[in-house]
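Q: Can you keep this structure in mind? I'll have questions shortly.
What follows draws every value from the coordinates through simple rules; no lab data is involved. On a predicted model such as this, the values are computed, not experimentally measured, just so you know. Backbone-built Cβ (ideal geometry, glycine too); neighbour counts: all protein chains shown.
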Amino acid sequence: MPETLRVEAPCGPVSGIVKDGIARFLGIPYAEPPLGMARFARPRPRRAFDTVFVANKYGPAAPQRRAMPEPLGRIAGTTSTFQEDCLNLHVWTPDINGKQPVLVFIHGGAFIIGSGAQYPGDDLARRGDIVVVTMNYRLGFFGFNAFAEIFEGDDRFAANAGLLDQRLALEWVRNNIAAFGGDPERVTIAGESAGAASVAFHLVSEASRGLFSQAVIQSGTLNMFQPRQTAEAVHREAVKALLPNGDRERLFRMSHGTFSAATRPLAARNSGILTRPYCDGVEMPEADLTTLYAAMKKVPMIIGTNRDEFSFFSELPVFPFETEKPAMQAWIAGVAGAEAAERIARLYSSGRDGRIAFGTDLLFRMAAIHQAEIHCRDAPTFMYRLDWETKGLLSRLGATHSADLPLIFEDFLKPFRSVYLGILPDHHRQALADRMRAHWVSFVRDGRPADGWPAYEAEKRETKVFGIRDRVLADPEALRRVAWEGVDGFAP
């Protein structure tokens with residue numbers, strides 16, 4: 001039988017389970033349920049528990065389409081329940097009596113899918129003697145809509161409610177993590193894809209800045225946001241589809257499935273994700289990306305991308321993106337003019353490899369470089385690129401989007417990690433995973449990666465390139481980087 005462990009925290013008494021030397025406290029609510037008239041509103045802190053909260057299983061994740069059938073989700077040990085009452089978090093700790101640095105990881109999934117349960121923290125907690133926290137937050141129309149712009153003055157609608165959920169979870173960490181053996185003054189926030197864009201938001205938003213001291217941004221940043229006018233226009237169309245009679249009260253009664261079905265034609269007409277964060281002018285200033293990057297909190301940062309990010313979107317029917325070269329060139333023309341678009345497009349072939357490189361630079365790599373070159377002026381910044389190529393079912397995608405996750409998290413999507421890793425043991429890949437985890441843990445503990453990873457500076461642009469054999473390269477995308485200078489915009 002697993003050993004049980006109880007802590008007395010400001011949130012109330014909580015009991016968890018100890019397994020292989022790591023205590024896990026799963027599914028702890030950090031907010032009042034966002035139900036009824038609170039469906040789209042700012043989250044409210046959870047009242048303290050009067051009795052012991054039994055935290056021995058993952059809490060529900062936000063309503064979303066299933067990434068895998070429910071029986072397989074149970075086998076994988078990930079969330080199999082999706083509910084609107086989803087604002088909960090998970091804690092892994094090596095010692096409730098310690099005062100260890102804390103890693104808070106925000107899951108990705110394009111702001112429409114995902115859960116904190118996909119990222120078990122046992123291995124990193126044990127490996128680094130750190131406390132690991134993951135969370136669930138509202139997704140899709142419930143977490144990311146522009147209803148606040150359309151129904152102005154109705155406080156039942158909050159802009160970017162899912163990001164406000166994350167902030168409330170960070171406030172919970174600040175107020176409670178000491179009871180679980182964590183140091184609230186040494187919190188690193190990290191995320192991948194939509195989670196990385198979320199981290200970037202917290203770096204800019206004034207109300208979040210006091211809740212962490214370091215950041216890790218993996219494959220995403222603020223270019224994933226929308227300008228306010230774009231978000232409002234898209235969601236005005238959504239409201240017409242959802243509310244043919246104009247009765248906003250129906251929004252509080254519709255099921256998640258109804259939202260998806262009613263807006264499916266709208267999604268087909270628009271590239272990208274309908275329900276993603278936007279610059280609301282309050283929490284996130286309405287400004288160009290260069291201004292927003294400069295406004296970020298000056299903290300130590302790891303930032304990077306994978307070499308072939310775009311193959312995940314161009315080769316898999318996952319998210320609706322324009323993946324042909326003319327569409328990408330047209331987007332650049334709209335942002336920077338036809339001459340810049342032609343100059344950049346010439347660098348990429350029209351074949352598959354060229355399209356993947358073009359899309360990777362457009363959505364991920366160049367935005368990361370632009371952010372790093374601004375951030376490194378004022379704070380230690382460490383840039384990476386992952387070149388390791390996936391195995392198994394995803395082997396044709398190369399170093400694709402999300403390939404970093406099974407290398408950082410030992411149990412990411414276990415036992416289905418073989419879609420990334422293949423079915424055969426691979427000592428070289430495991431050694432790479434060990435090196436990457438050592439760097440991430442060192443950063444959480446000491447504010448810098450392990451030896452052999454120099455800081456990024458505008459003069460040298462030294463970049464850690466992870467692969468079967470790691471390298472440090474100076475300005476590895478120099479030709480393309482120069483062509484993209486001054487070309488930055490919100491993703492299509």
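Q: Once you have the Kirkwood Rh of the stretch 300-492 from its Cα pairs, apply Stokes-Einstein at 10 °C and 1.306 mPa s and quote D in µm²/s.
A: 91 µm²/s
Q: Exactly which GluC sites (Glu not before Pro) in the stretch 237-321 are in a DSSP loop and have at most 15 other Cβ atoms within 10 Å?
A: Glu286
Q: Continuing with this model, one more query. Let me know the number of lysine pairs in the chain closer than 30 Å at the Cα, not counting same-chain pairs under 8 apart.
A: Close lysine pairs found across the chain: 17.
Q: Hey, rough spin-label estimate for Gln83 and Lys460, points 7 angstrom out along Cα→Cβ, what's it come to in nanometres?
A: 5.3 nm
Q: For Met436, Met328, which order do you get if you count the other beta carbons within 10 Å of each Cβ and list the fewest first?
A: Result, fewest neighbours first: Met436, Met328.
Q: Binning at 5 angstrom from zero up to the longest distance, how are the C-alpha pair distances of the stretch 354-455 distributed in percent?
A: 2, 11, 18, 20, 18, 17, 10, 3, 1
Q: Here's a follow-up. Whole percent per 20 Å bin, from 0 to the bin with the longest distance: what is P(r) over all C-alpha pairs of the chain?
A: Pair shares across the bins are 24, 60, 16, 0.
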